[in-house]
Amino acid sequence: MGVTRTVAAICILPGAAFAQVGWVRIQTPVAPPGRSSYRIAYDSQRHAVVLFGGLSTSLTLLSDTWEYDGVQWRQRSNTGPSARAYHAMTYDSVRGKTVLFGGSSQAPNGLGDTWEWDGATWVLRSSSGPAPRLFSAMAFDRTRGRTVLFGGIGQSAFGDTWEWDGNNWTQRMPPHSPSPRRTRDVL
């Protein structure tokens with residue numbers, strides 16, 4: 001018997017001047033176990049949704065990587081970043097990498113490591129840069145080719161802005177910035 005998950009779907013018809021948006025129930029033979037506090041990012045080069053980590057329904061931290069190609073879920077890896085929840089994740093469409101930062105692994109102040117997924121392997125890219133944190137927001141700025149991280153919480157709430165260029169984190173000091181906060185999603 002298949003597993004049913006509800007996913008958001010955007011249907012774009014070739015030659016049409018509109019898109020239909022709605023919820024579609026999709027039954028798949030395999031799916032990730034139930035969880036919360038996970039992160040997903042869309043890999044536009046491989047046309048796959050990448051899911052990492054989170055908390056199981058029994059509140060166990062997870063370290064599995066799954067991908068959904070629009071038809072089926074596949075577990076891709078059990079190696080890479082340590083089990084965690086409340087991390088930040090986005091897709092770098094210039095370099096073709098999913099970027100993951102921080103989160104919580106039971107440590108009260110969070111993690112401060114940066115990992116990249118190329119569709120086959122996770123690679124630890126940095127253990128320096130932003131202070132360890134969870135509940136931060138991260139998005140990719142395609143125009144400038146930078147991953148942008150904002151806010152989160154550690155020993156206190158953060159209101160800082162950082163950019164990842166694929167090699168290094170650089171703190172930015174914009175003239176205007178939101179107040180310190182915890183958040184998770186940026187589009």
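Bear in mind that the values in this text are calculations on the coordinates, not laboratory data. Keep in mind that this is a model prediction, so the values were computed, not measured. Cβ placement follows ideal geometry from the backbone for every residue including glycine, while neighbour counts extend to all protein chains displayed.
What list do you get for Arg39, Arg146 if you sort them by fewest beta carbons within 10 Å?
Ascending Cβ contact count within 10 Å gives the list Arg146, Arg39.
Could you give the radius of gyration (one decimal) and Dmax (whole number) of the Cα atoms in the range 56-135, in Å?
13.0, 38
Mind putting a number on the dipole of the range 94-155 about its Cα centre? Charges go on the C-beta only, +1 for Lys and Arg and -1 for Asp and Glu, and I need it in Debye to the nearest 20.
Charge dipole of the range 94-155: 220 debye, to the nearest 20.
Report, as a whole number in µm² per second, the diffusion coefficient that Stokes-Einstein gives for the range 100-176 at 10 °C and 1.306 mPa s using the Kirkwood radius over alpha carbon pairs.
The calculation lands on 123 µm²/s.
Give the separation of the Cα centroids, the range 116-187 to the range 47-109, in Å.
What the calculation gives is 16 Å, centre to centre.
Any number yet on Rg/Rh for the range 53-187, C-alpha, Kirkwood?
0.96
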